[in-house]
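Here's the structure we're looking at; comments come further down.
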Amino acid sequence: MRAIYILPALVVLLVLVLSSVFIVDERKKALVLQFGQVMQVKEEPGLGFKIPLMQDVVLYEDRILGLQTQPIEVTLLSDRRLVVDAFARWRIVDLVEFRQSVGTGGEDRAQQLLGNILSQAIPEVLGNATQDQVLSQDRGALMNQILTIAKREGSALGIDVIDVRLTRTDLPEQNLEASFARMRAEREREAADEKARGGEAAQRVRASADRTVIELTSDARRQAEVIRGEADAERNGILAEAYGKDPEFFAFIRSLSAYEASLKGANSSIVMQPDSEFFDYLRSDRGPAAAAVPAPAPAPAAP
């Protein structure tokens, strides 16, 4: 009869012992609650104990969590509008304050609250920045300002915001076409300026080349005239020297040249007086000298 009572008692005792033990994974943190009040904080992995039927264990993430915000439309300092979204990394650092802030919502409720914080911090910071600052590669200062605000607001939730990054900075859909048209107009203006500068440079190069050609041609002609004049002078000197050495031979050569020039071609008719000096060397190879010497008188007949 005793065994009948002992066995159920052992089962009940085993159930009570097992229900008083809980295990905390290395990726988790635990709170022991009694009627909604925090009784114990378990942040180290391992076994933990609680009072069965009176206390409950709530587990929270001990890892770094990520949050992708919804697109936010902000107005910049230059009255330009941008659609911005951000990515944040955060983790729970104070379980008691976290529980009091988010209640039973846990990490999901914390994600919503942190999203609201970023939705307010991003327009606040970017509203005092220009478009060049937001769209430039070096916008770390803006993200640090957003991170500072998120850290300050997140500490009241028992979380630590580790990093905030802007993942997208686009123009609204209704402004894209106007922006693209303005960009095309600017690029076309720059292209026209480049073409004008190129045409001006080409004109300068052509003018310089033309001036160089004229200068080189003029110099070459001048040198040619000088050389031609020197050659003519040298030729005339040689002719004069040759004429001085043998005037008769010089006159003979000049006459032969004149004969060659006048009798060249199909028409070789010449109209002039027969006793003209032009025919002196045709009548005699001695030229004018032979014509000037009288013919010898005939010898007397022999007896």
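Return yes or no: is S155 in contact (Cβ under 8 Å) with a residue 40 or more places away in the chain and under 30 Å from L95 (Cβ atoms)?
It is false that S155 is in contact (Cβ under 8 Å) with a residue 40 or more places away in the chain and under 30 Å from L95 (Cβ atoms).
Step by step: first the residues of region 148-177, then only those that are open to solvent by less than 60 Å² (accessible area, probe 1.4 Å) and within 24 Å of the chain's Cα centre (by Cα), then the one that is modelled with the lowest pLDDT. Which residue is that?
Only one residue fits best here, namely L176.
Scanning region 27-74 for residues that are among the small types (G, A, S) and open to solvent by less than 50 Å² (accessible area, probe 1.4 Å), which turns out nearest to V125 (Cα to Cα)?
If we take residues in region 27-74 being among the small types (G, A, S) and open to solvent by less than 50 Å² (accessible area, probe 1.4 Å), then G66 is nearest to V125 (Cα to Cα).
Looking at (1) without any contact (Cβ under 8 Å) to a residue 12 or more places away in the chain; (2) under 18 Å from A150 (Cβ atoms), can you tell me which one Q68 breaks?
All conditions pass for Q68, except number (1).
Only one of (1) without any contact (Cβ under 8 Å) to a residue 12 or more places away in the chain; (2) farther than 30 Å from N116 by Cα fails for A251. Which number is that?
(1)
The values are calculated or read from the model by the stated rules, or taken from the named source; none is laboratory data. Source: prediction; values computed, not measured. Reconstructed Cβ throughout: ideal geometry from the backbone, glycine too, with neighbour counts over all protein chains shown. These area figures cover heavy atoms from the full protein model, side chains too; ligands, DNA and RNA do not enter into them. Shrake-Rupley method; radii C 1.70, N 1.55, O 1.52, S 1.80 Å.
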